[in-house]
Amino acid sequence: MSTHGQLKSHVLEEISKATSLTELEDIRINSLGKKGHITLLMKEVGQKSPEERKAMGAELNILKDTLTEAFDYRKAQLENAALNARLASETLDVSLPPRPSPRGRIHPLSHVLDQAIHIFGQMGFIVAEGPDIEEDFYNFTALNIPPEHPARQEQDTFYLPALEDNQPLVLRTHTSPVQIRTMIKGKPPIRIIAPGRTYRSENDATHTPMFHQIEGLVIDTSTHMGHLKGCLEEFFHLFFEDSSIKLRFRPGYFPFTEPSAEVDMWWKESKWLEIGGCGMVHPNVLRNCNINPEIYQGFAFGMGLERLTMLKYGIEDLRLFFESDLRWLTYYGFEPEARE
Ligand code: DAH
């Protein structure tokens, strides 16, 4: 076999063994590239005698064509294999069941809030809202709590820097300011509930700095305390799904109601639990909102949502409500479908 014959079978073998396109390209550059063996041999042809030149030239040209053909063939083979591999690996199996996606749960407080809104909604109440960052006027003054009133200290208020107009700002300590906003904006008859976040600077086993209240307000020409009692009784019977639940109205004091009462619920045939405050809206509060107390009167109430939630679902520790612990949320939370 001539030297060219050996070279040919060597390169052909290399070509057939190449397992990737880059490997194949390296082999091609090594033989047919600018400085490849065969290119160099072809350059040498020029220095040979005319006879040798002719024979060698023809032989090298055939070699070059054969190898080029072999390269093209192997290249097509490797490209095909790469394509097949891609097709195999990228196949979509439409018969596979979908992967389960993680599902959230409804926080017990949101669930109870939905229930409360639903029940009061059926009784003709609409939802009113106000800001969490409240002006001192709405949170205190208009509610008949003047600047020196001790109730301001009792409520462990979070104060915020005043704005340019020097109106002191607070994180609202109760949902009662929504009463004021509603009465200033609208005209009686009024029948609203105002659920929302409230804030006080206290933190222990039974108090968190942020908690939720639900406020109620009814103003009309002939609303009286009997309506207030009936309304709260109806709510508690529906909320706890127990029409034997008894409420007790104890004389109490709130600056914004007169008379005022604390509301207790007879719990599990064993004890009275305090669940909120209420009363007939104080004439001063009506006047602060440009409502004539000679014509209109009404009642208001406020209660803690966490308390209601803990009682209804047997949740013991208040602080866990706001820890965002997934185990707690999974245990006490509700399926989205269960939301009314
Ligand atoms: N705002 C009171 C509090 O946070 C609760 C309350 C009592 C609201 C009596 C009322 C009410 O509307 O009439 O302690």
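Quick rundown of the values:
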| item | result |
| --- | --- |
| Selection from A81, L96, T68 lying farthest towards where the dipole of the range 30-166 points positive, charges on Cβ | T68 |
| At R0 = 30 Å, FRET efficiency that the Cβ-Cβ distance of I133 and F240 yields, to 0.05 | 0.35 |
| Mean Kyte hydropathy of 0.0 or more with a Cα span along the axis of at least 18 Å, helices from DSSP in the chain | 108-122, 225-239 |
| Options L311, F140, C231, ranked by Cα towards positive dipole end of the chain, top entry (Cβ charges) | L311 |
| DSSP-assigned coil residues among trypsin sites (Lys or Arg not before Pro) in the range 47-155, each with at most 16 further Cβ atoms within 10 Å | K48, R103 |
| Calculated Rg and Dmax of the range 3-85 using C-alpha coordinates, Å | 14.4, 52 |
| Residues listed by number, the range 3-29, amide nitrogen under 15 Å from R86 label point at 7 Å toward C-beta | 21-22 |
| Distant-in-sequence amide H partners of A128 (H built 1.01 Å from N, under 5 Å) | I193, A194 |
| Accessible surface of the chain [probe 1.4 Å, protein heavy atoms]: carbon and sulfur percent | 53 |
| The range 3-85 - charge dipole about Cα centre, Lys and Arg +1 at Cβ, Asp and Glu -1, debye rounded to 20 | 260 |
| Gyration tensor (Cα) of the range 1-151, equivalent ellipsoid semi-axes in angstrom | 91, 23, 11 |
| Normalised per residue, the volume of the convex hull around the Cα set of the chain (Å³) | 287 |
| Amide H contacts under 5 Å for H174, placed H, 5+ residues apart | Y199 |
| Rounded accessible area of L305 (nearest 10 Å², 1.4 Å probe) | 0 |
| Residue-normalised accessible area of the chain, expressed per residue, 1.4 Å probe, Å² | 59 |
| Assigned charges on the beta-carbon of Lys, Arg, Asp, Glu; the range 43-134 dipole about Cα centre (debye) | 440 |
| Net lengthening on full extension, W272/A162 (0.36 nm per residue, minus Cα-Cα) | 35.4 nm |
| Check: the chain dipole with +1 on Lys, Arg Cβ and -1 on Asp, Glu Cβ, in debye | 1000 |
| For the chain, calculated [θ]222 nm from helices alone, where every DSSP H run of n ≥ 4 adds -39500 (n - 2.57) | -13500 deg cm²/dmol |
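The values are calculated or read from the model by the stated rules, or taken from the named source; none is laboratory data. As the structure is a computational prediction, the values presented were derived from the model and not from experiment. Here Cβ is always computed from backbone atoms with ideal geometry, including for glycine, and neighbour counts include all displayed protein chains. What goes into the accessible areas is simple: the full protein's heavy atoms, side chains included, and nothing from ligands, DNA or RNA. Shrake-Rupley method; radii C 1.70, N 1.55, O 1.52, S 1.80 Å.
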